[in-house]
Amino acid sequence: MSPQLAAYTTSTGEAFQFWVLGTVAVIGALSTVFMKKAVHSALSLAGTMIVLAVFYLANGAYFLGIVQIVVYTGAIMMLFLFVVMLVGVTAADSLKETIKGQRWLALLCGVGFGVLLLAGIANASLKDFAGTGQANANGNVQGLAALIFTKYVFAFEITGALLITAAIGAMVLTHRERTERPRTQRELSEQRVRDGKHLPPLPAPGVYARHNAVDIAGLLPDGTPSELTVSKTLRDRGQMRDVSAEALGDLRALEQRSEERLERTPVEPAHFKRSEEASK
Amino acid sequence: MSFPLLTATAVLPAVGAVATAAVPAARRTAAKWLALLVSLATLVLAIVVMVRFDPGGARYQLTESHAWIADFGVRYELGVDGIAVVLIALTALLMPFIILAGWNDADPLETGSKRWRPTQGFFALILAVEAMVVISFEATDVFLFYIFFEAMLIPMYFLIGGFGDRAHAQGEEAASTQRSYAAVKFLLYNLVGGLIMLAAVIGLYTVAGNFSLAEIAQARANGTLHMATSTERWLFLGFFFAFAVKAPLWPLHTWLPNAMQESTAPVAVLITAVVDKVGTFAMLRFCLQLFPEASKWATPTILVLALISIIYGALLAVGQRDIKRLVAYASISHFGFIILGIFAMTSQGQSGATLYMVNHGISTAALMLVAGFLISRRGSRLIADYGGVQKVAPVLAGTFLIGGLATLSLPGLAPFVSEFLVLVGTFTRYPAIGIIATFGIVLAALYTLVLYQRTMTGPVKPAVSAMPDLKARELLVVTPLIVLLIFLGVYPKPLTDIVNPAVKQTMSDVHKTDPKPAVEAAK
Amino acid sequence: MNPVYYLYLAALLFTIGATGVLIRRNAIVVFMCIELMLNACNLAFVVFSRMHGNLDGQIIAFFTMVVAAAEVVVGLAIIVSLFRTRHSASVDDASLMKL
Amino acid sequence: MENLIALLIAAPLLGAAVLLVGGRRLDAVGQWIGTLLSTTSFVFGVILFVDLLGRNTDDRTLIQHLYTWVPVAGFQADVTFRLDQLSMTFVLLITGVGSLIHLYSVGYMEHDERRRRFFGYLNLFLAAMLLLVLADNYLLLYVGWEGVGLASYLLIGFWQHKPSAATAAKKAFLVNRVGDMGLSIAIMLMFTTFGTFAFGPVLSHATDASEGRLTAIGLMLLLAACGKSAQVPLQSWLGDAMEGPTPVSALIHAATMVTAGVYLIVRSGAIFNAAPDAQLVVTVVGAVTLLFGAIVGCAKDDIKKALAGSTMSQIGYMVLAAGLGPIGYVFAIMHLVTHGFFKAGLFLGAGSVMHGMNDEVDMRRYGGLRKYMPVTFITFGLGYLAIIGFPGLSGFFSKDKIIEAAFAKGGTEGWILGTCALVGAAITAFYMTRVMLMTFFGEKRWQPDEHGHEPHPHESPKVMTIPMIVLAVGSVFAGGFFSIGDRFLHWLEPITGHSEGDSPISAGVVTGATMVCLIIGVGIAYLQYGRRPVPAVAPRGSLLTRAARRDLLQDDFNHVVLVRGGEHLTRSLVYVDHTLVDGVVNGTAAGFGGLSGRLRKLQNGYARSYAVSMFGGAALLVAATLLMRAV
């Protein structure tokens, strides 16, 4: 890109680029906030960041633009994705608000703050843009390097130290040293007896002739499905299939077929009630 | 540099407090003896102060002055005038009796735990209070005074909230709740007063530029420090409010009955006979000296409030069913007299008020401590639970009666002299107020005698029929107090000689002279 | 077009990020929103750099990035260890700041 | 010689201290220590009296300055004693009668387990009373004044286990305190007027002060006298004070303490002389009380209460005389002294009767006792004759002089006061005859008490009868001795001054009128109680009788207005203190508590919630910044 692109008035090309990509960036930001699943949020954010990288480039910050893509979008966002995978799906993903009034207050503050910021910017007389042409005359990277290693050298060194500290901190935080002997099977079972819940192992899911899958809740003797049998992750995601009614459907189909074959008038089909209904 | 006598008087009990607190849990008795010895040693120092003090000499004597917080002009300045000397003596005098009277009050109920040391804490706190009270009397730097005026609340809070009467009628839990209520009420009232005073202290600094009482007073006197009228009044009110809460003056008095009712008798004595005196003392020393014009401006209002305190406190004392509450309201009435004397702005009034502080301390101590002995025997504070005690415990009843008679200012006992001086001092300037205040002496007789009649006379109630008479330790507490009451009632000259010059100076601070009699009949 | 629109965009993104922080409960998403805010600031710095014709703004943006990187590393580590102990990544699972 | 004065007080004071502090080991000998020290004081008194008699009339004032008591700028109170003719009279009366009553008490209190303390209190009383009459300034007098009040309190309530005694003691002290208030205000007024309250300067400069001030001082002194001397309107305590042991009634509530008011008025004569309005009020109070007491005395069936009414009435005479000014001062004191003899004798006689009658006090249960206790009968009878003013006996001389002086006041006032005094003399004759007849004459009316013990009237032991005999001798001869050659007048005149006044009627007429009144009174009483048997249960009686039995409703008034009113006042104040004064503060606290309770909900612990606040705050800051720039 030529230096004049970064001059006071922007070219139509840049304006076009701003409006298109700006829209994309805002949409990306909004979906970061409002997407239900963390993965989608992360991807939206990555999109926004790439757009911002383009804007950096457009503003003459070539080095930053590249760094933004390589380091931010490439490394940091991947880190986010890793953690999302590590943590998995939790109830926190729900967008349902739990604190009374929090959402409305947040939106009110957000809108108010935004309006004020925009008003502030509009109020400021930002007419004179020097452009980065002069500054980038010897090359953007060289210019930055000159500044970093002269004027900002202390800050630079300190950020280096900060990064190392952060790396060590992250290791310390996530590393788990076994400080105590792992509990034996016997101790764990004794613990369960003491706590008085789930004495036997959790029941297995899908113990059912035709639907032998982990996302199907096993049925209790009275025909009700037990959610305990399904893995917690699936439960949290709401990916649990209920097949308790399916058996009845199958039975009915079987009766239908036998009836057709035997050409008999159907007897009133057995009406199985679920225990809860029976008790009503 | 000479020996820092005043510092020593204050530091000794402080050191004693730390040492007492450090006594191991098992050596409870050692802690008691240590506290007693420290208090006695302090008494000796206080007597030395009294002897070294020259009534005819400079206003502030035995002065010490060291830079402390140079940036704000805060100095560590000590000095005593006649008023402070007698009050220090009173404080140091009462402490051994308070400690002796509370000898067994803080023994742990169960001796199981090795680390639990309530006894040590109790006596350490008492000594800490003594140290702070003494230094409050000695401080001639406003800021220094303020710090200890406020810091006193901390040990007092724990003394009130942490130690109560044994065998409470409504059970230990209710007692504990009421104790905390009383302690918190005490703390809140005094903190509010103190914070308002802090604002005034800062205000004073911005006006005067330093905290030295002597310097400010002198600058005020020779006109180099001019205060706008409204400034002076606001500052005065800030100081006075804190002192009025501490004193306590109607309508800021309601913390006192609660605090005295819930705490043990020795602590109640500590509150009313020692700590509250700082309030009235400070009115004399700070309000009148620093803000003479504003003091005169506020005098009518304060006198009316004091008058209300006198009558109101006495009437409420009549209506009480709880012995300690009764004494508390009686004290409110007496504090009304003290404040009346201070603000009557006559020599008799102010000398009387100063004497009153001392005498009230001794008489209340006598009455309250005997009441405490009585309460500890029966386990009830209610007047109705007693009757006919004089039949089974004549010495207890007799000492109680003498304490009561001192409270009603019987001539021949110390409080009479001071009360009469206050009344005369008030009367010469404000006859109507003096006459109404005189009704207080009738009411005082009423509440005291009703109390004595209901508790001590009449048929012996079954619950008190086996009540033992005073033991040797208790007699040791009461007898010297009674002897002092009689001695100071018959011969108060040693005190008045010390007090008079200081009062004279205070009078000249406020530019007031005694009214002249209508007929010059005196020789 | 005046480059000041970039600033408007930055303000908008910052606000959206801030609102996100307040609305979302998932700590990871909250973190992403914080990143969004930081990026919005970076954009503003870059634009200021252009405005003033020197590179100091870009330097600041650069430092911001470094600090953001450090912050993300530590923050995510905290989230992971929190998740290990609490089995949740919700920021209000426990009202920790209440007595 | 003046150094002896302090010893007068010191002796009984020492006795009191020793007996009260000494403890049980003195129980056996306590009564003798008390009596000995009281007598010692009497001996000192006699020595001083002889010394005074040996001096010139103008030189009979001895001053002993002990030490400066309360020295405060402009306020000088000294412990200084003044012994002059007036105080000397009192000293002799107090120590003399006091010693006799000590002796009597040895017998009377023989079986009381707290006898030692009783004598301690008696000695304390003597010391305080002597301080009262020997003080050289009003403040020191005030000490004695309250001191006798204290002793009176302790002695009335001596049998503290009886609630009635404890209540009576408290009542006496409280009513006295009201009077004391008057005395303290009077002292304050003196201080503002004269700058001092020592007798010398105040009394010599009294005429320099304005009459208004002097009237105020006089009225306040009168209030004090009313309290101490049981004058209307502060008389209500005296009847109840009879709850105390009888020797106490004799000494304190008949002979000495109750006369302190008269002493105060006579001592302050210079002030009253210059304040005629105050004097008039004094005479009115005296006249009203002498009738009041006499009427009450007529209705009481309790022998001690009847005598108490009589005491009140007789002191009314003295106050009346004291209010007359120089005409009456001397006679007030003279009547005081003779009254001290005969009333003490009467009380001791009553005590002797009670002693023999199992402490029965109701005269309707007596009757015909003259046969059983002849010595008591004779001594009581002599006292009786003295008090009604039988010619030749003490009361005749002193009372007659007072009646004369009342007429000599002159004008309408003189007539009214004189008539009152005359009527009083008639009533006195009536009620004393009634007492005499009901007790010693007629049929015996005693009955077994609730335990079935029939009283066995018997004469009292010698230790009791000897004091009675001595007092009876005094009742008979003192008046005559004083009056012959106006000895008493000349003795006291230098202190009190004297003027004859101009009586509208001659002394002879007054004496005659008094005699007529006397005969009428005795006659009516004889007709009513001597001729007919006395019913053992009191008849209902007329409205006046019933009112008189209730002390002319004074107690009911006090109860309704003061006691009830006071109770309501204190109770409502307790309520006010709790709800209003405390309530305002507690309400403020509760308000803050409620507010913070609300605010506390904002602190819900959710980090996001706090973040909203921060964000809102940031928005506000931005807004503020923009606004500041805009402005």
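Quick note: the coordinates plus some simple rules give every number you see, no bench work behind them. These numbers come from a predicted model, not from an experiment. When we count neighbours, we look across all protein chains shown, and the Cβ atoms used for this are built from the backbone with ideal geometry, even at glycine.
Miscellaneous remarks
- Calculated log₁₀ intensity ratio I(q)/I(0) where the Debye formula runs over C-alpha points of chain D, q = 0.07, 0.11, 0.12 Å⁻¹: -0.46, -1.04, -1.24
- For the range D:128-273, the relative contact order works out to 27 percent when only alpha carbon pairs closer than 8 Å and six or more residues apart are counted.
- In loop segments of the range D:395-494 as defined by DSSP, the GluC sites (Glu not before Pro) with at most 16 further C-beta atoms inside 10 Å of their C-beta are D:443, D:450, D:459.
- Taking Cβ atoms as reference points and 15 Å as the exclusive limit, the residues near residue B:63 contribute a net charge of -3, counting Lys and Arg as +1 and Asp and Glu as -1.
- Here D:256, A:12 are placed in order of increasing Cβ neighbour count within 10 Å, fewest first, which gives A:12, D:256.
- Measuring between alpha carbons in the structure, the pairs from B:185/B:461; D:228/D:300; B:277/D:170 lying more than 24 angstrom apart are B:185/B:461; B:277/D:170.
- Amide H contacts of residue D:66: D:79, D:80, D:81, each under 5 Å away and 5 or more positions distant or on a separate chain (H built 1.01 Å from N in the peptide plane; Pro and chain starts excluded).
- The lysines whose alpha-carbon is closer than 25 Å to the alpha-carbon of residue D:409, local same-chain residues fewer than 8 away aside, are D:399, D:401.
- Working value for the range B:39-85: equivalent-ellipsoid semi-axes of 24, 15, 7 Å, each the square root of 5 times a Cα gyration tensor eigenvalue, largest first.
- Which listed pairs, of B:391/D:171; B:391/D:371; B:391/D:444; A:232/D:601; B:324/B:391, have C-alpha distances above 28 Å, in listed order: B:391/D:371; B:391/D:444; A:232/D:601
- The distance between label points at residue A:184 and residue D:515 comes to 13.3 nm (points 7 Å beyond Cα on the Cα→Cβ vector).
- Residue-wise HN-Hα coupling along the range D:119-130, computed from phi with Karplus coefficients 6.51, -1.76, 1.60 (Hz; x: Gly, Pro): 5, x, 5, 4, 5, 4, 4, 4, 4, 5, 5, 5
- J(HN,Hα) series, the range B:174-191, from Karplus relation 6.51 cos²θ - 1.76 cosθ + 1.60, nearest Hz, glycine and proline x: 4, 4, 5, 4, 5, 4, 4, 4, 4, 5, 5, 4, 4, 5, 5, 3, 6, 5
- Helical mean residue ellipticity (222 nm; -39500 (n - 2.57) per DSSP H run of 4+; nearest 500) of the protein assembly as shown: -22500 deg cm²/dmol
- Positive minus negative residues near residue D:514 (Lys, Arg vs Asp, Glu; Cβ under 11 Å): 0
- C-alpha center-to-center spacing [the range D:50-129, the range D:405-444] in angstrom: 32
- Using alpha carbons only: equivalent-ellipsoid semi-axes of the protein assembly as shown, gyration tensor based, whole Å: 95, 42, 29
- Among A:128, D:582, B:107, B:71, sorting on how many other beta-carbon atoms sit within 10 Å of each Cβ, with the fewest leading, yields B:71, A:128, B:107, D:582.
- Cα-based reach from residue A:151 at 16 Å (exclusive), listing aspartates and glutamates while leaving out same-chain residues under 8 positions away: C:56
- Note on residue D:49 and residue B:463: their simple-model spin labels are 5.5 nm apart, each label 7 Å out from Cα toward Cβ.
- Residues B:383, A:158, B:310, sorted so that the one with the fewest Cβ neighbours within 10 Å comes first: A:158, B:383, B:310
- Listed by chain and number, the aspartates and glutamates placed with their C-alpha closer than 20 angstrom to that of residue B:296 are B:232, B:509, B:514; residues fewer than eight positions away on the same chain are left out.
- Evaluating 6.51 cos²θ - 1.76 cosθ + 1.60 at θ = phi - 60° for every residue in the range D:87-92, the Karplus couplings come out as 5, 4, 4, 5, 4, 5 Hz, glycine and proline recorded as x.
- Three-way shape label, the range D:585-631, alpha-carbon gyration tensor, a/c 1.5: oblate
- Top positive-direction residue, dipole computed over chain C with Cβ charges, set C:38, C:76, C:8: C:76
- Nonlocal amide H pairs with residue B:141, under 5 Å, H built at 1.01 Å: B:77, B:213
- Point-to-point label distance, residue B:181-residue D:618, nm (Cα→Cβ direction, 7 Å offset): 4.8
- Near residue B:250: Cβ cut-off under 15 Å, other residues only, Lys/Arg at +1 and Asp/Glu at -1. The net charge is -2.
- Annotation note: GluC sites (Glu not before Pro) in the range D:98-158 located in DSSP loop regions with a Cβ neighbour count of at most 11 within 10 Å are D:113.
- Placed amide H near residue D:72: partners under 5 Å, 5+ positions off or other chain: D:77
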